Each structure stands twice: as C-alpha cells, then as structure tokens.
Amino acid sequence: MRQGLELGGMFTMYINGVYIAQFKNAIVDEGLNAILDTHLKETGVRRLWYMGLVGTGALANADTLASHSWTEVTAYTGSRKAVVCGSAASQIIQTSGTCDFTINDSTEIFGAFICSVAAGTSGILWSTGLLDGGSVVVVDTNVVSLNYKLTASRAV
C-alpha cells in the first residue's frame with residue numbers, strides 16, 4: 001500500500017476577543033524542507049516558532065523569510081509572538097493559547113505567518129496564510145489574537 005502525507009494548517013483570528021475569521025495556510029517550500037531536515041536528518045531538533053502579521057502583497061510557495069513579495073505588519077508592541085504548542089494527539093497539534101498583538105497604530109492586516117525568529121529575516125519561514133475576505137483594519141489599542149492548528153493525514 002502506497003501512502004503520502006498531507007498537512008493542513010488553519011489560523012483563527014480574534015480582535016478584542018471577538019471572532020473574526022478562520023483562514024487556511026500554505027506551508028511554503030522552506031517549511032517543508034525544515035520538516036524533512038528535522039525529522040529525517042537532525043533527530044531530536046526542536047525549533048522555537050514565532051507568529052507575525054501579513055500586510056499587502058501576494059504569497060508564493062517559494063517565499064522565504066528573507067525574500068517575499070508581501071509586507072510584514074509591525075504596528076504592534078514588541079516583536080513577533082512566540083508560538084507555544086501542546087503535544088500532538090490524533091494527528092493534530094495546536095497552539096495552547098493565542099498569540100496576542102497589541103496594535104499601536106492604525107493598520108490593515110491581510111493574514112499571518114509563522115517563522116523561526118522573533119525578529120529579522122535570517123530564519124525559516126514555515127507558513128503563510130491570507131484572510132479569505134481580504135483584510136481587517138485595526139486601530140491603536142486593538143488586540144489581535146491568533147491561534148494555529150496543524151492537522152496531518154494520510155494521502156492515498
């Protein structure tokens with residue numbers, strides 16, 4: 001029997017505690033390579049992951065953290081937010097809480113991404129996702145909260 005592997009991720013967004021949307025992500029080529037390197041080459045390696053916000057622009061599978069055509073929204077307090085996950089169960093792993101961004105200026109958010117560094121462009125880009133409805137406008141003091149769930153399944 002021949003089987004493959006499918007991975008599907010989903011971001012869920014809230015603003016000031018109010019549900020806004022769920023939107024799917026794409027695991028970029030660099031993220032898929034990280035899976036293979038971590039599990040088939042570097043046994044036991046665990047990276048820290050961080051979530052950021054996507055501004056305008058297009059997403060592509062070939063995107064890297066250092067080279068992509070979308071902008072990163074930085075109108076929030078602090079750096080990218082640490083992604084903390086529980087243990088995988090039933091082929092699902094998800095954040096154990098939300099990544100909260102306290103907005104400090106009016107801006108427009110089109111999606112989210114996950115990468116391996118809290119700041120800068122030297123890390124690994126894991127995934128990117130865009131809101132299905134376009135974007136949301138946020139203002140100073142809004143809190144944008146995101147969680148993430150990744151599901152693995154057998155592809156026949």
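Please treat every number below as a calculation from the coordinates, not as lab data. What you see is a predicted model, and the numbers here were worked out from it, not measured in a lab. Cβ coordinates were reconstructed from backbone atoms using ideal geometry, including for glycine residues, and neighbour counts include every protein chain displayed.
Before moving on, here are some points about what is shown:
- Relative contact order for the stretch 80-143, counting Cα pairs under 8 Å that sit 6 or more residues apart, in percent: 35 percent
- Dipole check for the stretch 4-155: with +1 at the C-beta of Lys and Arg, -1 at the C-beta of Asp and Glu, and the Cα centre as origin, the magnitude is about 460 Debye.
- For Arg154, Arg47, Arg80, order by how many other beta-carbon atoms lie within 10 Å, fewest first: Arg154, Arg47, Arg80
- Rounded to the nearest 20 debye, the dipole size of the stretch 65-156 about its Cα centre is 460 debye, using +1 on the Cβ of Lys and Arg and -1 on the Cβ of Asp and Glu.
- Dipole of the chain, positive direction: furthest Cα of Asn142, Thr95, Thr71, with charges on the beta-carbon: Thr95
- Karplus (6.51, -1.76, 1.60) ³J(HN,Hα), θ = phi - 60°, over the stretch 61-70, in Hz, Gly and Pro reported as x: 4, 7, 4, 10, 5, 7, 9, 7, 9, 9
- With Cα atoms, 0 to 90° folded angle of helix 29-40 axis to the chain main axis: 40 degrees
- Taking the centroid of alpha carbons for each part, the stretch 118-156 and the stretch 1-21 are 9 Å apart.
- Reported label for calculated percent of Cα pairs over 24 Å apart given [x] 55; [y] 31; [z] 42: [y]
- Note that the stretch 37-121 carries a Kirkwood radius of 14.6 Å, evaluated over its alpha carbons pair by pair.
- Contact order for the chain, expressed relative to its length and based on alpha carbon pairs under 8 Å spaced 6+ residues apart, stands at 35 percent.
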